[in-house]
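Have a look at the structure below before the remarks.
The values are calculated or read from the model by the stated rules, or taken from the named source; none is laboratory data. These numbers were taken from a predicted model, which means no experiment stands behind them. So basically every Cβ, Gly included, is an ideal-geometry build from the backbone, and we count neighbours across all protein chains shown. Please note that ligands, DNA and RNA were not included when accessible areas were found on the heavy atoms of the full protein model with its side chains. Shrake-Rupley method; radii C 1.70, N 1.55, O 1.52, S 1.80 Å.
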Amino acid sequence: YTVEPVSGSDIYLTLDSQIQLILEDALNTLEQNNEFTWATFTVMDAKTGAIVGSASSPDFNPNTLEGLTNYVNPLVGYTYEPGSTMKIFSWLAAMENGVYDGEEEFASGSIEVAGATIYDFNNAGWGMINYDTGFAYSSNVGATNLALKLEEKEKGKLKEFYESLGFGSKTGIELPGEESGILRLTYESEIATASFGQGITTTPIQNLQALSILTNDGIMLKPYIVDKIVDEEGNITYEGGRKELGRKVSSESVKKIYSLMYDVVYNGLSTVWQPNNVTLAGKTGTAQIASPNGGYLTGSTNYIRSFAGIFPYEDPEYIFYVSVKQIDGGASAFASVVTDDIESIANYANITN
C-alpha cells in the first residue's frame, strides 16, 4: 500500500497481516478459476473504522514493479455504479423520512418512470409483495417506489441523504488518488435509478464508510489506514483511531435495515451467500456497466458484482465490501470465494458460531 510519504518518518499501517493474506489468497483463487477485469476485497474494523485488509487484482510486485499498469488504488480510486448495495441506504432514507411501511404491498415486476420502464432483475417480479420482502428480493421497483415517495414528500431528500453518508465526497483516508464519485439525482428518472445504485458512481471506501453506521448505532466512522507515524526521534507525529462523523440515522432504523440484511442472506432468493461458521448480514449488488457509446453494455458478463457484509451478525466485528467487474462465472462463482473468505477470517479471529 502507498500512503502519502513523510520524510524521515516511519509509517505504520492498520493492516492485519493474516487477514491481508486471506484476502490475497481469495483473489488468487478467483484468478485461477475465473476471467474478470478487476476485483477488490476490503475488510474494515466495524467499531473503529480501521482498514484491516485490502487486496485487489490485477496487482503488482512492489519490489520490482512487475505487473504495474497504473498507480490507481482501487480502494479509493475506482469509481463505478454500485448497484443494489445502495438499496441499504435508499431503504434507510425512506425509513428516516417517515415514508416506509415494511408491510405495505406493491406490484413488483416493472414500473413506468418518466416514459421509461424499470424492471426487477427477473423482469417478471413476484406479484404483490411488501417492502420488507422487496429488500430481501432486491426489488428495483420497490426501491423506485420508495424514492419517488420520498421525493414527493420533499424534493432532493434522497440525494441529501446519500450526501450525508459521504457519497459524492472524498472520505479523506490517508491514501493518495482518492476520487469523489458522482451523484446525479436531478430528474425523476435519475432519482429512480439512483435508488438501486445506477446512474451514480461511488468508491469502495465510500461504501465502507457509509456501512459503518450499521455497526455503530447510526453513527458514521471515518475510515483510516495509518495507525501512526513516528519521526526520526521516536516521537509519534500522527496517530489514527476511531473518529466519529456524527449520527446519521436512528437506532430504530439501524435495527430494521440490519434485520432485513439478515433476511437477504437467510430468507432471500438464494442460499449462496451463507457462510458455514459465522452468521452474516449482507446485501448483494449487480450493476450494469455504462457503454462508451451510450446506454449500457449487454451480455451475461457485463456487470459489476458486489457484496456488502457484516459479521458476526450478533456482535459485528468486521465490515466486508467486495466488488468484481465482468466475472465469467456469475454470482455463484463470486459468492463461493467470498463466503470462503469470510469463513477464513472468522476462523482466524475466533468468532465462529
Contour minus Cα-Cα distance for ASN267 and VAL6 (0.36 nm per residue): 89.0 nm
Hey, any idea what % of the stretch 207-340's accessible area is carbon plus sulfur with a 1.4 Å probe? 43 percent
Using only Cα positions of the chain, each an equal point scatterer, no hydration layer, compute I(q)/I(0) via Debye at q = 0.08, 0.09, 0.11, 0.15 Å⁻¹ and quote the log10 values to two decimals. -0.37, -0.47, -0.71, -1.35
Using the alpha-carbon atoms, what tilt in degrees (0 to 90, nearest 10) does helix 140-153 show relative to the longest principal axis of the chain? 80 degrees
Debye calc, one equal point scatterer per Cα of the stretch 41-176, no solvent, log10 I(q)/I(0) at q = 0.11, 0.12, 0.14 1/Å comes to -0.57, -0.66, -0.81
With angles folded into 0 to 90 degrees, how steeply does helix 17-33 sit against the dominant principal axis of the chain? Use alpha carbons for both and round to 10. 60 degrees
Summing -39500 (n - 2.57) over every DSSP H run of at least 4 residues in the chain and dividing by its residue count gives a helix-only mean residue ellipticity at 222 nm, to the nearest 500 deg cm²/dmol, of -9500 deg cm²/dmol
For the chain, set up a GNM with springs between Cα atoms under 10 Å and report which of TYR119, TYR224, TYR318 has the largest fluctuation. TYR119
Give me the 1.4 Å probe accessible area per residue for the stretch 269-353, excluding ligands and nucleic acids, in Å². 40 Å²
With point charges of +1 on the Cβ of Lys and Arg and -1 on the Cβ of Asp and Glu, referenced to the Cα centre of the chain, which listed residue (ILE319, ALA287, SER344) lies farthest in the positive direction of the dipole? ALA287
Given the options VAL43, VAL230, VAL338, state which has the largest fluctuation in a GNM of the chain using a 10 Å cut-off (strictly under) for Cα springs. VAL230
Separation in nanometres of the label points that stand 7 Å from Cα toward Cβ, at SER300 and LYS255: 4.5 nm
Highest-first arrangement of 103-114, 231-242, where packing means the average Cβ count within 10 Å: 103-114, 231-242
For the stretch 235-341, alpha-carbon Rg relative to the globular expectation (2.2 N^0.38 Å, N residues): 1.34
Short to long, in 10 Å steps from zero, the percent of alpha-carbon pairs of the stretch 147-223 per bin is 19, 46, 30, 5
Compute the distribution of all C-alpha to C-alpha distances in the stretch 188-281, in bins of 10 Å from 0, and list the percent of pairs in each, rounded to whole numbers. 13, 26, 36, 15, 8, 2
